[in-house]
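Step one of this worksheet: look at the structure below.
The values are calculated or read from the model by the stated rules, or taken from the named source; none is laboratory data. Please read these numbers as outputs of a predicted model, since none were measured by experiment. Please note: Cβ atoms are built from the backbone with ideal geometry, for glycine as well, and neighbour counts cover all protein chains shown.
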Amino acid sequence: GFGQFLADEYAEKLDSRGKEYLRRLISSAGRMDRLVQDVLDYSQIVRAELPIERVDIRSLLADIVETYPVFQQNGTRIHLENEFPPVLGNQAALTQCFSNLLTNAVRFVAPDTNPEVRVWSESKNGCVRILVRDNGIGIAPHHHERIFGMFQRLSKQYEGTGMGLAIVKKAAERMGARLGFESLPGEGSTFWLELPAAPDSKLATAGQPVNLAVHDSLL
């Protein structure tokens, strides 16, 4: 904050080298702030009680898209393509999951490419799979095994802390959800999260036990 005050009020008194030092200071402080917040988010997912309840996925996704500034940028298009049956999960954890998946989807695109993201659901055998497909740079096969690890940044050309997918993985584990993806360089990525479909009769019992069921692609 003080760095930004300095830039706003005293930048005209600095020479070009001083301005560059100040720019680096503000940028580094911003990265550290984001890293601390992501670590706190991860810790919250690990430690917090996550009661399982009925979650309206379409409402949750629409709220994320409408309220996060990164999704309001010019040229960014996010399509919620079909009906999303309610699932059994945790509202806060699912917000973490989909906000991170959608943020990655619009962030990791080639220069001069407008982000375009499709989100849809598929129902089968009492489960609902929510898929997020982007037109981004894709992920090389040799990176597939480590992308869900903490502090894994696959490219220095893009801003990030390397914590987003680690948060998604841990949240999925805590809810007993299945998680996976398909991706190739230059062909974009499709990430998916699969949860039990919610019964029509009533909400799931808060605090019910969940089973760990992580997709093989994470192992």
Checklist entry - modelled with pLDDT under 90 and under 15 Å from Met175 (Cα atoms), is that true of Tyr42? => result yes
Next on the checklist: Please go through (1) touching a residue at least 60 places away in the same chain (Cβ under 8 Å); (2) surrounded by 11 or more Cβ atoms within 10 Å (Cβ to Cβ) for Ala62 and return the number of the only condition it doesn't satisfy.
Outcome noted: (1)
Checklist entry - Right, Arg24: over 30 Å from Met175 (Cβ atoms), basic (Lys, Arg) and either at pLDDT 75 or above or loosely packed, with under 15 Cβ neighbours inside 10 Å (or both) or not? => result yes
Checklist entry - Is there a residue in segment 137-157 that is among the aliphatic types (A, V, I, L, M), under 26 Å from Ser28 (Cα atoms) and either at pLDDT 80 or above or part of a strand (DSSP E or B) (or both)? => result yes
